[in-house]
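First the structure, in the form of structure tokens, and then the observations on it.
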Amino acid sequence: MFCFAAVAVLAFGWQDGEPWTAAAFVVFFSSRVARSVIKRPLSGIRDMPPAKHVGRFIAATAAGWLGSGTLAITAALAGEGQEWWYVGPCFLILGVLNLWILFHRSHR
């Protein structure tokens with residue numbers, strides 16, 4: 001169901017002349033789907049150690065923030081909306097903070 005919605009958002013975004021905005025939304029919400037699957041595996045079986053499980057969750061979160069932030073900045077550069085100049089850097093900062101947590105946690 002999510003895949004159909006993502007394809008529709010990308011198709012309509014491309015038709016409306018805002019492909020980077022559409023891509024930013026798809027990347028952001030794809031990371032949320034990945035986080036949900038990591039949190040509650042579809043198989044219902046959690047065979048991995050909790051530390052590795054948390055690492056995957058934080059990595060998916062960081063990827064979503066960094067990916068959508070990069071696409072948001074690209075959308076701003078392409079002229080798809082002034083608001084992306086405010087949102088994009090915040091997304092990138094959150095992505096970097098998640099990476100810092102991920103790598104700081106693993107060095108303890």
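Counting neighbouring beta carbons within 10 Å and listing from fewest to most, the residues ILE93, ILE101 come out as ILE93, ILE101. Across the alpha-carbon set of the stretch 56-108, the Rg to Rh ratio works out to 1.11, Rh being the Kirkwood radius.
The helix-only estimate of mean residue ellipticity at 222 nm for the chain, built from DSSP H runs of length n ≥ 4 each weighted as -39500 (n - 2.57), is -27500 deg cm²/dmol after division by the residue total. Across the chain, the relative contact order, built from alpha-carbon pairs under 8 Å that are at least six residues apart, equals 27 percent.
Using only side-chain charges placed at the Cβ, +1 for Lys and Arg and -1 for Asp and Glu, the dipole size of the chain relative to its Cα centre rounds to 840 debye. For the chain, hydrophobic long helices are taken as DSSP H runs at least 18 Å long by C-alpha position along their axis with mean Kyte-Doolittle hydropathy of 1.6 or more; these are 2-15. When the chain is described by a simple charge dipole with +1 on each Lys and Arg Cβ and -1 on each Asp and Glu Cβ, the residue from ALA5, LEU77, LEU99 located farthest towards its positive end is LEU99. Between [x] 90, 29, 19; [y] 52, 27, 23; [z] 45, 32, 12, which entry matches Cα extents along the principal axes in Å as derived from the coordinates of this structure? Comparing each candidate, only [z] matches the computed number.
Computed from the coordinates by the stated procedures, all read-outs in this text should not be read as laboratory data. This structure is a prediction, so every number in the text was calculated from the model and none was measured. All Cβ positions, glycine included, derive from the backbone under ideal geometry; neighbour counts span all protein chains shown.
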